[in-house]
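Below you'll find the structure, written out as C-alpha cells, and then a few comments.
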Amino acid sequence: MEKKANNRSLDNYKAVMLLAAVGDAMGYRNGSWEFQTSGQIIHKEMMEMTNNRGPLELTIDLSWRYSDDTVMHIATAIALSSCKKSTSTDDIARKIAIEYKKCWSRMSGRAPGKTTGKAIQILNEDGSNWNKMPFMDRAAGCGGSMRSACIGLVFDNIDKVVEVSLEAGRLTHHNPIGYLGSVVSACFTFYAINGVEPERWGALLFTEVFPKALNYVKATGRELKQNLGEQWKFFEKAWD
C-alpha cells in the first residue's frame, strides 16, 4: 500500500472521535430520526429546521444525545488506550470485551441494539469468554461498524487493524455482515490517517482487506462453515 501523507496528528485523532459522535447524534436525533423509516420525512424536517439551508446549517449541541454507538466507540478507545502496539490481539479483544460490558450501564435513553444487548449478557465481567460468542444467523446490523473507527488510529500495520476490528465486531455480531462492517470502518480510518486517497479505499478492500480478514478467520478456526458461507459472499458482493 502506497502512503501519500501522514495524518497522525492529535487534532485528527480528536476529529475521529468527535465527528463520529456528532454524526451519530445527528442521525439519532434523540431517537426520532434513527427510527424514522422515511428518508423523505427526515430530509423535510431537516430543511424546515435550517430554513432550507441544508444539513451544514444544523446546530448540533448537547441537546442532541448521541446513541449507544458512541458510548461503545468511547469504550473501544478506552480499551485500546490501555494496550501497547505489541499487545496480542487476544489480550486486546479481552480488554474491549470488559469495556463493552462496563459501558452497558450507561445506555439509558440511547436505544441500544437488541443484538448487541444479547451478546453483552453472554460476556463475562472479566472478558474471559470473549472468543466464545456463538455464530448468529441474524447479527447483520451496523453496531460493529459504528464503534470501530478508532481502531484504525492505533496500529502501524493493516494486519493488526484487521484482526482487532474483526474481533471487536465479532464480540457482539458474530456474522460476517456484522463484523466485516467493523473491519471496513477501522481500515478506512487507517487509510485516511495514513494519507491514502479515498478513491482507492474500495479497491483496497478487495486486494488487501478482505484477503487478510479471510485468512485471519480461517486461522482462528471458529465455526468456519457458517463464517465462510453465503453471508461472507453477500458482503463482498454488495461492495463489488
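Structure notes:
- All conditions in (1) more than 25 Å from TRP33 (Cα to Cα); (2) touching a residue at least 60 places away in the same chain (Cβ under 8 Å) hold for ASP126, with the sole exception of (2).
- In the stretch 12-31, the residues that are among the polar types (S, T, N, Q) reach residues that are part of a helix (DSSP H, G or I) with C-beta atoms within less than 8 angstrom, at least six apart or across chains, in these pairs: ASN12/ILE193.
- All positions within the stretch 153-184 that are small (Gly, Ala, Ser) and crowded, with 24+ Cβ neighbours inside 10 Å: SER165, ALA168, GLY169, GLY178, SER182
- The residues on offer are ALA203, ALA192, ALA186, ALA238, and the sole one that is of a type in the set (Gly, Ala, Ser) and within 16 Å of ASP159 (Cβ to Cβ) is ALA186.
- Residue in the stretch 30-45 that is within 30 Å of VAL196 (Cα to Cα), surrounded by fewer than 19 Cβ atoms within 10 Å (Cβ to Cβ) and not polar (S, T, N, Q) present: no
- The criterion of being out of contact with any Lys or Arg (no Cβ under 6 Å at 6 or more places or on another chain) and open to solvent by less than 50 Å² (accessible area, probe 1.4 Å) holds for SER148.
- Matching helices (runs of 4 or more DSSP H) fully within the stretch 133-240 where at least 2 residues are closer than 22 Å to THR76 by Cα, acidic (Asp, Glu) and in contact (Cβ under 8 Å) with a residue 12 or more places away in the chain: 158-170
- In the stretch 105-128, the residues that are of a type in the set (A, V, I, L, M, F, W, C) and open to solvent by less than 50 Å² (accessible area, probe 1.4 Å): MET107, ALA111, ALA119, ILE120, LEU123
- Residue count, the stretch 55-80 (criterion: in a helix (DSSP H, G or I) and closer than 27 Å to LYS118 by Cβ): 13
The values are calculated or read from the model by the stated rules, or taken from the named source; none is laboratory data. Small disclaimer: the values here were computed from a predicted structure and weren't measured. Using ideal geometry, Cβ is built from the backbone for each residue, glycine included, and neighbour counts are taken over all protein chains shown. Surface accessibility is based on the protein's heavy atoms, side chains included, excluding ligands, DNA and RNA. Shrake-Rupley method; radii C 1.70, N 1.55, O 1.52, S 1.80 Å.
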